[in-house]
Amino acid sequence: MCGIVGYVGTRQATPLLVGGLRKLEYRGYDSAGVAVWNDGVTRVVRCRGKLANLEEKLLKEPAPGTTGIGHTRWATHGRPSDENAHPHRSGSITVVHNGIIENHLALRQELVAAGAKFTSETDTEIFAHLIDRAMTAGAADLTTAVRGVLARVHGAFAIVVLNEKDPTTMVAAKNSSPLVVGLGEGETFVASDVTAILAETRKVLFIEEGELVTVTAKGAVITDFEGRPRQREPKTITWSALQAEKGGFKHYMLKEIHEQPRSVADTLVGRIGAEQDDVSLDGVNLDVASIRRIIFVACGTSYHSSLVGEFLIESLARIPVEVDLASEFRYRDPIIGPGDLVVAISQSGETLDTMEAVREAKKKGAKILAISNVLESSIPRLADYAFYTHAGPEIGVASTKAFTTQLVALTLLAIHLGRRTKKLSSERARELLGELLQLPNKMRDVVESGAQLQAIARRYGHAEGFLFLGRGTQYPIALEGALKLKEISYIHAEGYAAGEMKHGPIALIDEDLPVVVLAPRGTHYEKVISNLAEVRARQGKVIAVATRGDSNIGNSADDVILIPDSAPELQPILTVLPLQLLSYYVADFKGTDIDQPRNLAKSVTVE
Ligand code: F6R
């Protein structure tokens with residue numbers, strides 16, 4: 001999730017590009033760069049780190065000119081470094097890119113064999129080489145060259161391309177990643193979102209899937225990837241700058257809840273094999289035969305995803321798994337050693353307790369696999385192997401899209417292991433991967449059911465406590481639902497394994513206690529329904545999360561939230577969504593500081 005900008009007009013481009021990038025820094029800040037055309041030459045200035053580093057560099061190496069492109073990076077392919085910073089260049093072509101190119105390795109090999117010299121580890125650089133070659137081979141113009149290249153590229157992208165030989169025209173294209181064009185008086189802007197251009201113009205064209213746009217100072221011409229014209233009326237943006245930063249949502253948390261279908265799709269890109277019955281872990285080469293046991297260490301929400309990971313790996317790969325809170329693990333002199341694979345899950349990659357648990361495990365001879373959302377953060381750097389989620393920066397303190405992408409990463413890991421332990425058949429793997437690919441659409445369906453959750457939140461928002469119940473893979477989701485509610489609404493909430501209820505928490509139940517019961521279709525369904533009846537018999541108010549088509553559940557619950565059907569292994573990724581929305585709306589109803597709840601920090605780097 002990077003940020004891209006472009007400008008063509010009569011004003012100096014660099015201050016406009018940097019101003020736009022400042023608004024896009026929320027999308028990533030591993031490196032930043034600009035390419036600006038002046039007097040027949042495109043000057044590229046770029047460097048690792050936040051935009052402030054680039055601004056400092058630009059003081060020493062100014063980039064004058066009235067046409068340019070810019071980028072702020074969230075690293076996915078290639079570590080954060082000066083060389084991997086965008087824009088990328090080949091010959092007269094410079095390019096900025098947001099997204100992930102699935103077939104970049106094959107294209108890179110082909111280009112290298114044809115003599116191309118790559119200067120970065122990024123997937124993006126293939127665009128620069130391919131477009132430059134198309135121009136050299138005699139493409140009629142930049143638009144034709146870009147169109148030809150897009151036909152060869154698979155994946156998610158928004159790109160802006162600048163040609164040194166014709167600075168009057170930039171070409172941009174979009175497939176899955178966001179792109180917007182801003183129309184000014186004798187000047188035109190391109191950006192990942194409206195925040196980047198709002199200070200300059202409010203007249204915008206939203207570029208849609210599979211569209212290519214030719215941008216000049218006079219405006220923009222939109223076509224599809226085959227060159228057929230697409231008509232679009234400009235829209236006038238009435239959002240305030242702050243509203244725009246949140247994508248029009250009231251809080252970052254709500255925006256991030258809605259981003260989950262995209263983050264999940266991004267986490268899948270390039271990882272499912274051509275036969276669709278196996279998974280590659282981006283070069284993570286585990287010696288699966290030597291793994292005796294897997295131990296997860298993590299904190300908070302990442303601990304909850306680990307608990308789902310335990311189910312997935314034990315069931316699909318039949319490798320024994322233990323899960324430990326990182327803060328407990330590190331102090332209990334754990335019995336581990338060679339043959340153990342410690343999987344450390346951390347969104348930020350910086351959580352101190354998880355980092356120390358990793359150090360302890362390493363000292364004792366275990367191998368470490370880190371699952372993180374931040375490339376080259378401390379925990380992946382400490383680990384033997386690193387596998388990344390592609391959620392993009394998570395700004396709301398309460399974790400949402402990081403959690404669902406962790407669940408996807410764990411499903412991919414479990415399938416990868418299962419295929420190698422031979423406990424998972426090719427047919428079942430294919431079924432599961434097929435279902436995984438359908439998940440983003442199903443998730444979209446659920447996150448759009450906000451109005452129902454808002455109404456439920458209003459009804460129960462006065463409650464002093466909540467109970468969340470689930471069995472099997474839904475038990476960690478009950479824990480996660482309770483954590484979300486606690487941290488942003490400050491209402492006490494307990495997550496419990498539904499079967500444990502009668503061993504204590506049932507005493508809490510009365511007519512004032514809302515009980516959220518996770519009851520999707522599956523092996524535990526009947527038992528969960530019995531637990532639900534026990535709650536109702538004691539006048540508890542039941543909010544059930546169930547599978548669409550379940551005509552029974554309405555008789556046993558006060559409110560029913562229906563989610564699409566899916567393989568049992570993937571249900572947690574769907575059932576957690578209404579719980580995130582519920583806690584969000586309860587907190588919004590109470591008026592708490594949702595994005596920065598009291599006493600909490602996004603990254604806990606102290607004990
Ligand atoms: C809850 C939340 C925290 C984090 C925990 C671990 O919404 O965000 O519980 O999950 O602090 O953080 P990471 O995953 O960065 O190690």
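Out of Lys442, Lys484, I need the residue that is surrounded by 22 or more Cβ atoms within 10 Å (Cβ to Cβ) and of a type in the set (Lys, Arg). Which one? Let's see the steps before the verdict.
Numbers: Lys442 fails: surrounded by 22 or more Cβ atoms within 10 Å (Cβ to Cβ).
Checking each option against the conditions leaves just Lys484.
Give Val297, Val269, Val288 a once-over and let me know the one that is closer than 30 Å to Thr144 by Cβ and in the same structural domain as Lys422 (by TED's automatic domain parsing). Walk me through how you get there before you give the answer.
Values: Val297 fails: closer than 30 Å to Thr144 by Cβ; Val288 fails: closer than 30 Å to Thr144 by Cβ.
Exactly one of Val297, Val269, Val288 is closer than 30 Å to Thr144 by Cβ and in the same structural domain as Lys422 (by TED's automatic domain parsing), namely Val269.
With the requirement that a residue be surrounded by fewer than 19 Cβ atoms within 10 Å (Cβ to Cβ) and either farther than 20 Å from His154 by Cα or β-branched (Val, Ile, Thr) (or both), what does the stretch 117-131 give you? Full working, then the answer.
The first filter runs over the stretch 117-131 and keeps only residues surrounded by fewer than 19 Cβ atoms within 10 Å (Cβ to Cβ), leaving 117-121.
Selection gives Lys117, Thr119.
So if I check each of Gly70, Gly65, Gly115, Gly78, which one is at negative phi and either at pLDDT 95 or above or not in a strand (DSSP E or B) (or both)? Full working, then the answer.
Working: Gly65 fails: at negative phi; Gly115 fails: at negative phi; Gly78 fails: at negative phi.
Testing whether each residue is at negative phi and either at pLDDT 95 or above or not in a strand (DSSP E or B) (or both) leaves just Gly70.
Counting only residues that are more than 13 Å from Ile295 (Cα to Cα) and not acidic (Asp, Glu), which one in the stretch 352-363 is farthest from the ligand (Cβ to nearest atom)? Write out each step before concluding.
Looking only at the stretch 352-363, we keep the residues that are more than 13 Å from Ile295 (Cα to Cα), and these are 352-353, 355-356, 359, 363.
Filter once more, so that each one left must be not acidic (Asp, Glu): 352, 355, 359, 363.
On the way: Leu352: 9, Met355: 9, Arg359: 15, Lys363: 20 Å.
The selected residue is Lys363.
Read through the list (1) closer than 24 Å to Gly481 by Cβ; (2) out of contact with any Ser or Thr (no Cβ under 9 Å at 6 or more places or on another chain); (3) modelled with pLDDT of 95 or more, then give the number of the only condition that Gly396 fails.
(3) is the only condition that Gly396 fails.
Test Glu448 against the criterion of being acidic (Asp, Glu) and touching a residue at least 40 places away in the same chain (Cβ under 8 Å), and give yes or no.
When the stated conditions are applied, Glu448 does not pass them.
What residue, of Ile272, Ile291, is within 29 Å of Leu325 (Cβ to Cβ), away from the ligand (no atom under 16 Å from the Cβ) and among the aliphatic types (A, V, I, L, M)? Even if it seems obvious, please write down each step before you answer.
On the way: Ile272 fails: within 29 Å of Leu325 (Cβ to Cβ).
Answer to the selection: Ile291.
Which number in (1) assigned to a loop (DSSP other than H, G, I, E, B); (2) of a type in the set (A, V, I, L, M, F, W, C); (3) in contact with a Lys or Arg (Cβ under 9 Å, 6 or more places away or on another chain) marks the one condition that Val542 misses?
So Val542 meets the others, but not (1).
Looking only at the stretch 334-351, count how many residues are within 15 Å of the ligand (Cβ to nearest atom), at negative phi and part of a loop (DSSP other than H, G, I, E, B). Give the derivation first.
If we filter the stretch 334-351 for residues that are within 15 Å of the ligand (Cβ to nearest atom), which is where we start, we get 342-351.
Retained after the next criterion (residues that are at negative phi): 342-348, 350-351.
Still in the running and part of a loop (DSSP other than H, G, I, E, B): 347-348, 350-351.
Here the count works out to 4.
What number of residues within the stretch 381-417 are in contact with an Asp or Glu (Cβ under 6 Å, 6 or more places away or on another chain) and away from the ligand (no atom under 13 Å from the Cβ)?
Here the count works out to 1.
State whether one or more residues within the stretch 308-323 are in a helix (DSSP H, G or I), at pLDDT 95 or above and polar (S, T, N, Q).
Residues of the stretch 308-323 in a helix (DSSP H, G or I): 308-317.
Filter once more, so that each one left must be at pLDDT 95 or above: 308-317.
Checking which are polar (S, T, N, Q) leaves us with 315.
Within the stretch 308-323, one or more residues are in a helix (DSSP H, G or I), at pLDDT 95 or above and polar (S, T, N, Q).
Among the listed residues Ala134, Ala106, which satisfies the condition of being in a helix (DSSP H, G or I), in the same structural domain as Thr72 (by TED's automatic domain parsing), in contact with a helix residue (DSSP H, G or I) (Cβ under 6 Å, 6 or more places away or on another chain) and surrounded by fewer than 24 Cβ atoms within 10 Å (Cβ to Cβ)? It would help to see each step written out before you state the result.
Values: Ala106 fails: in contact with a helix residue (DSSP H, G or I) (Cβ under 6 Å, 6 or more places away or on another chain).
Going through Ala134, Ala106 in turn, the sole match is Ala134.
Considering only residues that are away from the ligand (no atom under 12 Å from the Cβ) and among the β-branched types (Val, Ile, Thr), which ones fall in the stretch 572-607?
Correct list: Ile573, Thr575, Val586, Thr592.
I'm trying to understand the selection: among the residues of the stretch 145-170, which are surrounded by fewer than 24 Cβ atoms within 10 Å (Cβ to Cβ), in contact (Cβ under 8 Å) with a residue 40 or more places away in the chain and either closer than 18 Å to Asn84 by Cα or not small (Gly, Ala, Ser) (or both)?
Arg147, Leu150, Arg152, Val153, His154, Phe157, Glu164, Lys165, Pro167, Thr168, Thr169
Could you please find all residues in the stretch 364-380 being within 14 Å of the ligand (Cβ to nearest atom), of a type in the set (Gly, Ala, Ser) and either farther than 15 Å from Ser302 by Cβ or assigned to a helix (DSSP H, G or I) (or both)?
Ser378
Could you please let me know if Val321 is aliphatic (A, V, I, L, M), away from the ligand (no atom under 14 Å from the Cβ), closer than 21 Å to Ile272 by Cα and crowded, with 19+ Cβ neighbours inside 10 Å?
Details: aliphatic (A, V, I, L, M): yes; away from the ligand (no atom under 14 Å from the Cβ): yes; closer than 21 Å to Ile272 by Cα: no; crowded, with 19+ Cβ neighbours inside 10 Å: yes.
No, not satisfied.
Give the residue, chosen from Val41, Val8, Val36, that is on the phi < 0 side of the Ramachandran plot, among the β-branched types (Val, Ile, Thr) and either without any contact (Cβ under 8 Å) to a residue 12 or more places away in the chain or surrounded by fewer than 24 Cβ atoms within 10 Å (Cβ to Cβ) (or both). Quick ask: steps written out before the conclusion?
Numbers: Val8 fails: either without any contact (Cβ under 8 Å) to a residue 12 or more places away in the chain or surrounded by fewer than 24 Cβ atoms within 10 Å (Cβ to Cβ) (or both); Val36 fails: either without any contact (Cβ under 8 Å) to a residue 12 or more places away in the chain or surrounded by fewer than 24 Cβ atoms within 10 Å (Cβ to Cβ) (or both).
After applying the criteria, what remains is Val41.
Given the structure, is Gly472 more than 17 Å from Val560 (Cα to Cα), assigned to a helix (DSSP H, G or I), touching a residue at least 24 places away in the same chain (Cβ under 8 Å) and of a type in the set (Gly, Ala, Ser)? Lay out the reasoning, then the answer.
Numbers: more than 17 Å from Val560 (Cα to Cα): yes; assigned to a helix (DSSP H, G or I): no; touching a residue at least 24 places away in the same chain (Cβ under 8 Å): yes; of a type in the set (Gly, Ala, Ser): yes.
No.
So which residues in the stretch 334-351 are more than 23 Å from Ser290 (Cα to Cα) and surrounded by fewer than 20 Cβ atoms within 10 Å (Cβ to Cβ), if there are any at all? Full working, then the answer.
Residues of the stretch 334-351 that are more than 23 Å from Ser290 (Cα to Cα), as a first pass: 346-351.
Glu350, the sole residue that qualifies.
For the stretch 509-536, how many residues meet the condition of being crowded, with 23+ Cβ neighbours inside 10 Å and under 12 Å from Gly472 (Cβ atoms)?
Within the stretch 509-536, residues that are crowded, with 23+ Cβ neighbours inside 10 Å and under 12 Å from Gly472 (Cβ atoms) number 4.
For residues in the stretch 472-486 being within 14 Å of the ligand (Cβ to nearest atom) and of a type in the set (A, V, I, L, M), which is farthest from Asp593 (Cα to Cα)?
Ile477
Going residue by residue through the stretch 435-456, is there one that turns out to be out of contact with any helix residue (DSSP H, G or I) (no Cβ under 7 Å at 6 or more places or on another chain), modelled with pLDDT of 95 or more, closer than 11 Å to Ser583 by Cα and not assigned by TED's automatic domain parsing to the domain that holds Glu275?
no
Which pairs have Cβ atoms under 6 Å, sit 6 or more apart or on different chains, and link a residue in the stretch 301-317 that is of a type in the set (Asp, Glu) to one that is more than 16 Å from the ligand (Cβ to nearest atom)?
Glu310/Val321; Glu314/Val321
The values are calculated or read from the model by the stated rules, or taken from the named source; none is laboratory data. No experiment lies behind these values; they were computed from the predicted model shown. Every residue, glycine as well, gets a Cβ built from its backbone with ideal geometry; the counts of neighbours run over all protein chains shown.
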